[in-house]
Amino acid sequence: MADPSLADRPKASTPRPLLALWPFLKPYRGFLAAALLALLLASGAMLGLPIALKGLIDKGMAVGSADTINIYFIAFMGVAVLFGVFAAVRFYLVTWLGERVVADIRSAVYRNVIRMDPQFFEVTRTGEVLSRLTTDTTLVQSIAGSGLSIALRSSINLVGSLVLLAITNLKLLLLIVVAMPVVIVPVIALGRKLRTLSRRSQDTIADTSGLAGETLNAIQTVQAFTLESLHTERYAKAVEASFDVAVIRTRVRAWLTALSTMLVFGAITLVLWFGAHQVLAGQMTGGELGQFLMLAVYAGVAAAALSEMWSEVQRAAGAMERLVELQAAQPVIRAPAQALPLPDRSRGAAGQVDFEAVSFAYPSRPQTRALQDFSLNIVAGETVAFVGPSGAGKSTTFQLLLRFYDPLEGCIRLDGVNIAEADPLAVRARIGLVPQDTVLFGTSARENIRYGRPDASDAEVEAAARAAAADEFIRALPEGYDTFLGERGTRLSGGQRQRIAIARAILKNPPLLLLDEATSALDAESERVVQQALEELMATRTTVIIAHRLATVLKADRIVVMEQGRIVAIGKHEELLVSSPLYAHLAALQFTDSGALAT
């Protein structure tokens, strides 16, 4: 069963998902320890300032000693310098750590997502995945880097301030402790609401990313049908929805900040009012009140920072939760625990394919069988063409051979091994595919061909291009083989893109070749040249073709006529024209020169 959509999964209500950061932090324990040490030293220097202030007031100003004042001001300066140095070291280490961890998270998530099978992407939009890799990782970075530093620093300062406050005047501290629930309870309540709104905000951002990605990937279709205004309006509505949620979230966060700040400093004011009366009563010195005042400010600022950071923690927890889901997602199609090895290609003929009573329905259409009791043996080195009307199941055979899906019933064997019991990577390594819709990447012509075999030399790449009749037009490009082809190869014609795909398959040199209308986008001259190259390529390997072109059909050893997922006839072109009404009908529709049908 396919995984449910990421957006539909239940979400945790606590910051617990942030614990998933530890495996990414663990390799950098040394950096983390150094950052914590710098943080402790910086906080220690900061907490030393109120103590110096107390001595300055009580031992310097109160007795009118200029020398004592000078000594304490020098101490002040020294502590400030130490604080600045350690704060800078802490900032660098923590920022580096945040950047490193987020880079590792992005790599780990992408490494897993790119291995997911088509069933995953049937229920998960690509735009949503891209949003998780960008928006969510940025939110996590704020916590793993500066946010973590702020939280730890504020926690240390708060605890240290409270300890020193207790030493300075226990009565005033007890008054603060009594006031703390009044501050904390409203902050937690608003924090929970903020987490929910943050989740909604992240989801709406993912929706806008998905909508934009879908539209831009089909920009020519959008413009051909003059749908610019329609999609602009749809995107504007999605952006407005995202904005509305963001405004509500910002409003709640503003209330959280205002409320926490007012409550914290209101409590401090009350405590200091009580302390001032204690000074007047002679129960504490002016220096102690000054120290208490400074420590109370530290505690208030730290508490406010922690309450502010709580909202960031809520957002980062939601983001990390989504990233963990992507990282933990498992493909339905994966290698078994004890994968069977495929026979060594060097020991004889390779590329034999056996379909054994295969039945299959796509997960999105479980009631409709794309293949039904499909059995066919393809001998190594044989060329077999699949023909039939649209929806007959021709492309489904390729999907199953590449093991993008597993049959519901029956099995498929490659060189005698059930591919469901083999490693999918090993199976696909033996298959070369030339699809009808060629996919090129945003890189050079050379690198696009080299995707067939990444370790191929430049000479091998160029030889494959010559074999695919692509060398001439590639060399005519502004920078030859190093010319950037544009996203999805938009700088090439359809025929040129298809020749690049053929060169890629030639370079891979697989024992099993799958051709899905491999010459459909070529003009007559190019088709003749490429067909000749394909025939040379096909002569030494097993080839399965989804065929409509007459030249391809005539050269096939066998033609398999399919209808509604079943085999209805098998034979040569001349035989099928007589024995198969469906094939004769298809041939009559595809070729207007009726005299050619009899040849």
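The values are calculated or read from the model by the stated rules, or taken from the named source; none is laboratory data. What you see is a predicted model, and the numbers here were worked out from it, not measured in a lab. Backbone-built Cβ (ideal geometry, glycine too); neighbour counts: all protein chains shown.
Side notes on the structure shown:
- For segment 456-507, a residue qualifies if it is part of a helix (DSSP H, G or I), at pLDDT below 85 and on the phi > 0 side of the Ramachandran plot, and the qualifying residues are 488, 489.
- Of the residues making up segment 396-437, those that are under 22 Å from residue 338 (Cβ atoms) and of a type in the set (Val, Ile, Thr) are 412, 417, 419, 427.
- Some residue of segment 67-82 being modelled with pLDDT of 75 or more, closer than 30 Å to residue 329 by Cβ and in a helix (DSSP H, G or I): no
- In segment 552-599, residue modelled with the highest pLDDT [restricted to those that are under 20 Å from residue 390 (Cα atoms) and surrounded by fewer than 14 Cβ atoms within 10 Å (Cβ to Cβ)]: 581
- Any pair with Cβ under 7 angstrom, 6 or more apart, that starts in segment 357-384 at a residue that is surrounded by fewer than 15 Cβ atoms within 10 Å (Cβ to Cβ) and in a strand (DSSP E or B) and ends at one that is modelled with pLDDT under 90 and among the small types (Gly, Ala, Ser): none
- Residue in segment 518-538 that is in a loop (DSSP other than H, G, I, E, B), touching a Leu at 6+ places or on another chain (Cβ under 7 Å) and modelled with pLDDT under 75 present: yes
- Residue within segment 101-112 that is part of a helix (DSSP H, G or I), modelled with pLDDT under 85, within 19 Å of residue 18 (Cβ to Cβ) and of a type in the set (Asp, Glu) present: no
- Filter pass, residue 226 being assigned by TED's automatic domain parsing to the domain that holds residue 314, β-branched (Val, Ile, Thr) and in a helix (DSSP H, G or I): no
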